[in-house]
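The structure appears right after this line, and notes come after that.
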Amino acid sequence: ETSLQKTSTCSSVKQSGVFVSPYALNLSSFTKLIKRLQEKHPGFSRGEIVGAVQEVRKMNKGVLSGLAISSIEEKASAIL
């Protein structure tokens with residue numbers, strides 16, 4: 001039971017209610033990416049922006065690692 005509790009605290013649910021895998025992106029990189037997208041697309045909510053990033057992840061076989069942040073930003077912008 002203790003090990004289950006430890007593993008469940010490794011992942012997080014953002015305030016928007018969107019699950020973000022700890023393996024998706026380095027947290028500071030993820031935060032930076034979301035901030036840049038919010039500045040570029042002020043008409044979209046944080047949840048919509050996170051959804052676009054998740055869509056980019058889906059299109060890239062379920063991972064974001066290996067993609068440059070600028071590339072993720074461009075692809076998410078195209079989705080938005």
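The values are calculated or read from the model by the stated rules, or taken from the named source; none is laboratory data. Please read all numbers here as calculations on a predicted model, not as lab measurements. Virtual Cβ from ideal backbone geometry, glycine too; neighbours counted across all protein chains shown. To get the accessible areas, we keep the full protein, side chains included, count just its heavy atoms, and leave off ligands, DNA and RNA. Shrake-Rupley method; radii C 1.70, N 1.55, O 1.52, S 1.80 Å.
No other residue among VAL20, VAL13 is among the β-branched types (Val, Ile, Thr), more than 15 Å from GLU74 (Cα to Cα), modelled with pLDDT under 95 and surrounded by 15 or more Cβ atoms within 10 Å (Cβ to Cβ) apart from VAL20.
Scanning region 29-53 for residues that are open to solvent by less than 30 Å² (accessible area, probe 1.4 Å) and more than 12 Å from SER77 (Cα to Cα) returns SER29, PHE30, GLY47. Of all residues in region 58-80, those that are part of a helix (DSSP H, G or I) have Cβ atoms under 8 Å from Cβ atoms of residues that are among the polar types (S, T, N, Q), 6 or more apart or on another chain, in ILE69/SER29.
Of all the numbered requirements in (1) over 11 Å from the mean Cα position of the chain (by Cα); (2) at pLDDT below 95; (3) open to solvent by 70 Å² or more (accessible area, probe 1.4 Å), ALA78 misses one, and that requirement is (2).
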